[in-house]
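The values are calculated or read from the model by the stated rules, or taken from the named source; none is laboratory data. Every value quoted in this text rests on a predicted model; they were computed, and no experiment measured them. Because the Cβ atoms are built from the backbone with ideal geometry, glycine has one as well, and the counts that use them run over all protein chains shown. For the accessible areas, the whole protein counts, side chains as well, though only heavy atoms, and no ligand, DNA or RNA atoms are used. Shrake-Rupley method; radii C 1.70, N 1.55, O 1.52, S 1.80 Å.
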Amino acid sequence: MRPRPAAGALLAGMLFLGCAVGPGPSGPLRSATGIVYPPGIPPAETRFSQTATLYLNINGEEEAALAQALEGIEADPGNSIHYFLAGVAGARLGDYRDAHRWFVEAERIYPAYELDIEPEREAAWARAFNAGLEAYARDETDAAAEHWLRATEIYDLQPAAHRNLASLLVELGRRDEAIRVYQDALRGLERRPATRLLEEAEIRERAELRADTEIRLVQLLLAAGRFADVEPLLQRQLARDPASIRVRSDLARTLVELGRVDEASELYALLLTDESLAAADLFNLGITLFRSSRYEQAARAFELLTEKQPDSRDAWFNYANALFAGEAWAALADAGDRLLAVDPLSEAAHLITARARLETGDEAGARAGVALSDALPVHLDGLRLRVTDQGTLVQGRIVANALPEGAPLRLLFIFYDNAGVLGERILEASAPAPDADADFRVSIEGRALGYRYEFETAGTP
């Protein structure tokens, strides 16, 4: 799915602001927002600055203005006015990277120049941001990314360009660049404008955007395995929302990856005693624990899931696999029977159950389990449950086994939600050729939490 870009910027016209000239005030300058600037070296008008200013107030003469400003820099490199004017001209010409560099130098020489530069930056940002929206609407994603990149180079107090760009970079597979852009967005959201006070609604909105941007960045850093970078973010999120299951689970996983196993174990133990965990929380926690090779705790998470969803094939399948990975053979022998009741055509389910029986000394039971798997009409493999806005879908593969090619097969899928049985669907198919398989899909309206299936060959009473 393509990212949905943030909108809302207005196409801003450039109003050239007169800048302070001459010796400046005797004391320190203070902004309306309370920033106290060191005096620095106030700008002084020159023939280059006067000519550049004239050109900047004539449409289409930005290149001439830039040339005059650059001559002024060469002639008087300690005068901040030339850098300021070069930045204004460069921004109007779309050279945002150099414009940023010139603005930075102007402020280095005369810090209070921020009060003139900030509106120029914001106006340049608006032009680039809106150009990106227009390109995106035309489905020109590369052009949109370039415009939003330029917007982020000139101004970081507005996060919309950063967030749109990062989302687009993720879509384009450029994850490391997206991480950097989100990090830049967070730094900008920590800052405040110099030229005006934020209203309460703006402050709340920026806090919400900061929290959402952190969530997006955390997921990217986790996917990239950058655990040292993600831990401070997770710790801050935990301080802000100590009850969040997602944050606690992600932090525990991160601590494991950083070698801080004792801290992670404490978090996992607390999570597994949290009675408020919903089915989705238990599933995600189990997956996280399994990927962290914490198979005993993963099995406990999935066991709790089977208690909430006793007829869910996925709950029992994941529980059995966690037990198998942890070599908990006695528990697996029992869980395997429950798994086979809801996933009767799974070769993997039959084989891991047979292995559990063998490991617990039931050799006859193990042989019988393998024989039963070999006699199944077909095997189902790669089962996957997907919930979308349109409903719930189960997809997978029918793998040839005992049935001859083309023989009819009938499968009954039963879907469940929180209220019980959501509905049933029948899949009628044919057995694939030997050593072959065939994809299948079964769907139902509504959001199912789990499913099971039963089978019969066509014509069976």
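For the chain, what is the accessible area per residue in Å², given a 1.4 Å probe and the full set of protein chains?
Dividing the accessible area of the chain by its residue count gives 49 Å².
Please list, in chain and number order, the residues 5+ apart from Tyr110 or on another chain whose amide H is under 5 Å from its amide H, with Hs placed from the backbone.
Residues meeting the amide H criterion: Ile41.
Counting only protein heavy atoms, what percent of the accessible surface of region 261-316 is carbon or sulfur at a 1.4 Å probe?
The nonpolar share, carbon plus sulfur, comes to 49 percent.
Which whole-number percentage describes the relative contact order of the chain, with Cα contacts under 8 Å and a sequence gap of 6 or more?
Relative contact order for the chain comes out at 8 percent.
Using the charge dipole of the chain (Lys, Arg: +1 at Cβ; Asp, Glu: -1 at Cβ; taken about the Cα centre), state which of Ala448, Ala315, His100 has its Cα farthest towards the positive end.
Comparing the listed Cα positions along the dipole, His100 ranks first.
Given only helices, namely DSSP H runs of n ≥ 4 each adding -39500 (n - 2.57), what is the per-residue ellipticity at 222 nm of the chain, to the nearest 500 deg cm²/dmol?
The helix-only estimate for the chain comes to -18000 deg cm²/dmol at 222 nm.
Can you give me the angle between helix 200-223 and the longest principal axis of the chain, using Cα atoms only, in degrees from 0 to 90, rounded to the nearest 10?
50
May I have the convex hull volume per residue, in Å³, for the Cα set of region 166-301?
Spelled out: Cα convex hull of region 166-301, divided by residues, is 132 Å³.
Rounded to the nearest 20 Debye, what is the dipole magnitude of the chain about its Cα centre when Lys and Arg each give +1 and Asp and Glu each give -1 at the C-beta?
That gives a dipole near 460 debye.
On a 0 to 90° scale, report how tilted helix 160-171 is relative to the longest principal axis of the chain, with both axes built from alpha carbons and the result rounded to the nearest 10.
Compared with the principal axis, the helix lies near 40 degrees.
Applying a 10 Å radius around every beta-carbon, put 269-281, 153-165 in order of their mean neighbour count, most first.
Final packing ranking: 153-165, 269-281.
Provide the convex hull volume over Cα atoms per residue for region 315-374, in Å³.
It is 59 Å³ per residue.
Could you report the accessible area of Leu351 in Å², rounded to 10, computed with a 1.4 Å probe on the protein chains as they sit in the structure?
80
Using only alpha carbons, build the gyration tensor for the chain and give me the equivalent ellipsoid semi-axes, biggest first, whole Å.
Over the Cα atoms of the chain, the ellipsoid semi-axes are 64, 25, 17 Å.
Cα convex hull of region 296-397: how many Å³ per residue?
94
Could you order peptides 230-236, 318-324 by the average number of other Cβ atoms within 10 Å of their residues, highest first?
318-324, 230-236
In nm, to one decimal, how far is the modelled label at Ile35 from the one at Arg367, with both set 7 Å along Cα→Cβ?
Placing both labels 7 Å along Cα→Cβ, they lie 8.4 nm apart.
Residue by residue through region 405-412, which ³J(HN,Hα) values in whole Hz follow from phi under the Karplus form 6.51 cos²θ - 1.76 cosθ + 1.60 (θ = phi - 60°), with glycine and proline marked x?
Those phi angles translate into 4, x, 5, x, 9, 10, 10, 10 Hz.
Please state the relative contact order of region 327-434 as a whole percent: Cα pairs under 8 Å, 6+ residues apart?
18
Taking all protein chains as present, what is the carbon and sulfur share of the accessible area of region 109-256, in % to the nearest whole number, probe 1.4 Å?
After summing per-atom areas, the C and S share lands at 50 percent.
Name the long-range amide H neighbours of Glu45: under 5 Å, sequence gap of 5 or more, or other chain; modelled H, no Pro or chain starts.
Counting only residues 5 or more places away or on other chains, the set is Gly22.
For region 226-356, compute the orientation-averaged projected area of the C-alpha convex hull (one quarter of its surface), in nm².
Its Cα hull, projected and averaged over all orientations, spans 8.0 nm².
Using alpha carbons only, how many degrees (0 to 90, rounded to 10) separate the axis of helix 313-325 from the longest principal axis of the chain?
90
For a protection proxy built on the mean count of beta-carbon atoms within 10 angstrom, sort 36-47, 296-307 highest first, please.
Put in order of decreasing packing, that is 296-307, 36-47.
Mind jotting down the three principal axis lengths of region 101-240 based on Cα atoms? Whole angstrom, largest first.
Rounded to whole Å, the extents work out to 42, 40, 31 Å.
For Leu29, enumerate residues with amide H under 5 Å from its amide H, sequence gap 5+ or separate chain, H modeled in the peptide plane.
Tyr37
If you count only protein heavy atoms and use a 1.4 Å probe, how large is the accessible surface of Leu198, to the nearest 10 Å²?
Using a 1.4 Å probe on the heavy atoms, I get roughly 30 Å².
Of all the Cα-Cα pairs you can form in region 269-336, what percent are over 14 Å apart?
Every Cα pair in region 269-336 considered, those over 14 Å come to 49 percent.
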